[in-house]
1. Identify all residues within the stretch 40-61 that are closer than 30 Å to Ile270 by Cβ and of a type in the set (Val, Ile, Thr); write none if there are none.
2. Restricting the stretch 222-237 to residues that are on the phi > 0 side of the Ramachandran plot and open to solvent by less than 20 Å² (accessible area, probe 1.4 Å), which is nearest to the ligand (Cβ to nearest atom)?
3. Looking at this structure, is Asp387 within 25 Å of Leu432 (Cα to Cα), part of a helix (DSSP H, G or I) and away from the ligand (no atom under 16 Å from the Cβ)?
4. What residue, among those in the stretch 11-47 that are touching a residue at least 40 places away in the same chain (Cβ under 8 Å) and open to solvent by 60 Å² or more (accessible area, probe 1.4 Å), is farthest from the ligand (Cβ to nearest atom)?
5. Being without any contact (Cβ under 8 Å) to a residue 60 or more places away in the chain and either in contact with a helix residue (DSSP H, G or I) (Cβ under 9 Å, 6 or more places away or on another chain) or open to solvent by 80 Å² or more (accessible area, probe 1.4 Å) (or both) is the filter here, so list the residues in the stretch 441-477 that pass it.
6. Are there any pairs with C-beta distances below 7 angstrom linking a residue in the stretch 276-288 that is over 18 Å from Thr307 (Cβ atoms) and modelled with pLDDT of 95 or more to a residue that is part of a strand (DSSP E or B) and not β-branched (Val, Ile, Thr), with the two at least 6 apart or on different chains, and if so which?
7. Among the residues of the stretch 250-265, write down those that are open to solvent by 10 Å² or more (accessible area, probe 1.4 Å) and under 18 Å from the mean Cα position of the chain (by Cα).
8. Six or more apart or on different chains, Cβ atoms under 6 Å: show the pairs whose first residue is in the stretch 355-384 and of a type in the set (Asp, Glu) and whose second is in a helix (DSSP H, G or I).
Amino acid sequence: MLQPIQSVVIVGGGTAGWLTAGVIAARHQARIKAGRFAVTLIESPNVAIIGVGEGTWPTLRTTLEKMGISETSFFRECDAAFKQGAKFARWTTGADDDAYYHPLMLPQGFTQLNLVPHWLSHDHERSFSEYVCPQAQICEAGLAPKMITTPEYRALANYAYHLDASKFAPYLQKHCTEKLGVHHVLADVSSVNRVELGQYAGDIKSVTTKQAGEISGDLFVDCTGFSALLLGKTLGVGFKECKDVLFCDAALAVQVPYETPDAPMASHTISVAQSAGWIWDIGLPTRRGVGYVFSSRHSSDDAARETLLRYIGPQHANLPMRRIPIRPGHRETFWKNNCVAVGLAAGFLEPLEASAIVLIELSAKLIAEQMPAHRGLMDLTAARFNDVTGYRWGRIIDFLKLHYVLTRRTDSAFWIDNVDPVTVPDRLKSLLELWKYRSPWLFDEFDRLEEVFPAASYQYVLYGMGFRTEVETLENAGTESLATKLANENLAITRQLRAQLPKNRELIRKIYDYGLQPI
Ligand SMILES: Cc1cc2nc3c(=O)[nH]c(=O)nc-3n(C[C@H](O)[C@H](O)[C@H](O)COP(=O)(O)OP(=O)(O)OC[C@H]3O[C@@H](n4cnc5c(N)ncnc54)[C@H](O)[C@@H]3O)c2cc1C
């Protein structure tokens, strides 16, 4: 007899649990309404969510929109702000004027022409990102990516969000339970019960909770955070550490008040390299979220505290700092039997490019889209999921390491150790060899449908950090006029957006007062 998949049980109510619940419930709404499909989320009333994770990727706009969330209410309830990419300071030389942008807009005419060889051969005074896209200038001017007349989720300049993680999960919970029919059970899972006999022996049959008894399901999603209670502890799936590539294994986080309520608020993440890691600085409407991600092999906790304090200023000496250990890496496999892990239960890498929440979204979408009709199909779905997800983790590790491997800093062991070739993944090594003579573009080395970081992201980091690709002078023959046209278009768009866009805080205030036009 075929066992239909009609009941999904998610354990864990952090960002991963609620995003997964929302994405699956929205995709299967008609079946939920007809009583033929159910999504249940079990969340411990005693284990707090991690409560950090404030930077996102533009995918979140589509994810929220598809869940039927109003962008206006999201801004109002989650202390959300616009994020238009990241500014990396002191990563290349460590000097005061060392900075580059990884914006979220694609280079002008990206699918028509690769502008890198043109920028390189003209040896422009402008940085690469300024040559190809307006966003660095928009961010430097403190401008928002849209106007109050731009409808919800639509953009004039591509954007993601900064948000308050402690408000986001409860906000999603309300929406998922009230609008999408997700069952919410507040209870501690005390044991996980397996099928003992038959073809699917080893599957998870049910979970026993302290407060709500036994809850059974067809598919279980492990969103229990670092504890990985289902996939790790129960099904015994191992963890693949990558501390030999990405050294950072701890974070100190602090919430910093603004000097005044109307102080300027950056519309990009600021990432400032330090002697044993880097500091993130994220502007929310009511406060900044700041944290030092560092390698405990290269810095003591005391030294890290001092570094963070120096950054936020002595007037903030009494603010509570929270230490969060990081174990860089991911599960050996992500979907085993009838259990799939999403979020921290699947793994975690330092938040240098805000890659965790986007991976949650992509995983949830894959589960929702490829929801197997019956148990007999589940192993096929799991194999596909593992292939895609394993590829994504590998690519993210490569991309994060790229930020370190291009440094010319030699002022501390952390930076010297980071360029040691034994710490660089083989795939990244060969790509860097290739890119000495040809710049990455379009699908050359990025051939999956939904790459987490497309070729444009690699271009921004490579050329932002001064990587040189040898350009054969004749390579640009025939495309010079198109390149000039695109560069001029970018100049015109930059001028227009700079004149048109409001200040970041000003737009958020207007969203509070008037709301964005719903779509
Ligand atoms: C320092 C730091 C900075 C970060 N910055 C970013 C960033 O900028 N951008 C980004 O994308 N990501 C970032 N992340 C990652 C991001 O915070 C997480 O990916 C995200 O919050 C998802 O967490 P989670 O839901 O998997 O786990 P958690 O928030 O830990 O939730 C776990 C859930 O499981 C429940 N649970 C646990 N055990 C049981 C049990 N026995 N029974 C029932 N329920 C149980 C808990 O109650 C909780 O609800 C950062 C992470 C860290 C550590």
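The values are calculated or read from the model by the stated rules, or taken from the named source; none is laboratory data. Please read these numbers as outputs of a predicted model, since none were measured by experiment. All Cβ positions, even for glycine, are placed from backbone atoms using ideal geometry, and neighbour counts span all protein chains on display. What goes into the accessible areas is simple: the full protein's heavy atoms, side chains included, and nothing from ligands, DNA or RNA. Shrake-Rupley method; radii C 1.70, N 1.55, O 1.52, S 1.80 Å.
1. Those that are closer than 30 Å to Ile270 by Cβ and of a type in the set (Val, Ile, Thr): Ile49, Ile50, Val52, Thr56, Thr59.
2. Looking at residues that are on the phi > 0 side of the Ramachandran plot and open to solvent by less than 20 Å² (accessible area, probe 1.4 Å), I get Gly225.
3. yes
4. Checking each candidate, the answer is Lys33.
5. Of everything in the stretch 441-477, those that are without any contact (Cβ under 8 Å) to a residue 60 or more places away in the chain and either in contact with a helix residue (DSSP H, G or I) (Cβ under 9 Å, 6 or more places away or on another chain) or open to solvent by 80 Å² or more (accessible area, probe 1.4 Å) (or both) turn out to be Phe443, Asp444, Glu445, Phe446, Asp447, Leu449, Glu451, Tyr458, Glu470, Glu472, Leu474.
6. Final answer for the pair search is Gly283/Ala81; Gly283/His162; Leu284/Ala81; Leu284/His162; Pro285/Ala81; Arg287/Gln255; Arg287/Pro257.
7. Ala253
8. Qualifying pairs under 6 Å: Glu361/Thr59; Glu361/Thr63.
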